[in-house]
Amino acid sequence: MLYSEKVMDHFTNPRNMGVVENANAVGQVGNAVCGDIMQMSMYIDEDGIIRDVKFKTFGCGSAIATSSMATELVKGRSIEEALTLTNKAVTEALDGLPPQKLHCSVLAEEAIRAALADYYTRQGVDPEPIVGCTAGDCSCCHQH
């Protein structure tokens with residue numbers, strides 16, 4: 001299995017690892033098949049800009065690399081911009097992933113969405129019309 005230089009760089013030197021201390025958005029997702037678990041924490045300011053984002057991932061090198069890249073792609077962006085992030089964009093930013101590791105990019109996208117859903121819930125807003133399904137256990141979420 002060959003990994004791109006970017007995947008190896010984000011695996012060996014992950015960006016934004018840890019937990020945002022003053023987080024107002026936290027999401028966690030997992031894949032029961034591979035055992036990967038990703039948690040994203042964010043601080044979103046009053047203008048809806050993601051000022052800080054960090055991750056904790058239990059999983060393979062691809063899971064760590066996709067988590068790292070996903071945080072890089074949403075940091076400093078608006079919620080609306082973050083909601084447009086797709087697993088394909090994460091994969092492309094890493095110069096590709098082996099086919100058997102594409103599920104890691106799906107988890108990264110889902111973790112971002114889960115954190116944003118938590119943010120809306122904390123604001124008293126139903127997140128599903130904005131973020132979509134974030135349960136992570138329904139069949140609709142895993143048909144990418």
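Cβ-Cβ distance of residue 58 and residue 2, R₀ of 30 Å, FRET efficiency by 1/(1 + (r/R0)^6): the value works out to about 0.80.
Pairwise inverse Cα distances across the chain, averaged and inverted, put the Kirkwood hydrodynamic radius at 14.8 Å.
The string of couplings for the stretch 7-20 from the Karplus curve (6.51, -1.76, 1.60, θ = phi - 60°) is 4, 5, 5, 6, 6, 7, 10, x, 8, 6, 7, x, 10, 6 Hz, one whole number per residue in order, with x for Gly and Pro.
Scalar couplings 3J(HN,Hα) for the stretch 77-92, obtained by applying the Karplus form with A = 6.51, B = -1.76, C = 1.60 to θ = phi - 60°, are 9, 7, 4, 4, 5, 4, 5, 8, 5, 10, 4, 5, 5, 5, 4, 5 Hz; x denotes Gly and Pro. Under a Gaussian network description of the chain, with springs only between Cα atoms under 10 Å, the residue in 19, 125, 29 that fluctuates furthest is 125. With 0.36 nm allotted per residue and the present C-alpha distance subtracted, the residue 32-residue 100 stretch has 23.0 nm of extension available. Where only DSSP H runs of four or more residues are counted, the chain gives -12000 deg cm²/dmol as its mean residue ellipticity at 222 nm, each run worth -39500 (n - 2.57).
Give a quick list of GluC sites (Glu not before Pro) in the stretch 1-57 that DSSP marks as loop, anything other than H, G, I, E or B, with at most 16 other Cβ atoms within 10 Å.
21, 46
Label zone of residue 88 (point 7 Å out along Cα→Cβ, amide N under 14 Å): in the stretch 29-70 this covers no residue at all. Bridging of residue 56 to lysines at a Cα separation below 20 Å is possible for 6, 75, 101, once same-chain residues fewer than 8 apart are set aside. Pair-distance distribution of the stretch 1-68: all C-alpha pairs, bin width 10 Å, starting at 0; shares per bin in whole percent are 21, 44, 28, 6, 0.
Taking 62, 105, 78 in turn, the Gaussian network model of the chain (Cα-Cα springs below 10 Å) assigns the largest fluctuation to 78.
Every number here is computed from the coordinates shown, using simple stated rules; none is lab data. All values reported here derive from a predicted model rather than from experimental measurement. When we count neighbours, we look across all protein chains shown, and the Cβ atoms used for this are built from the backbone with ideal geometry, even at glycine.
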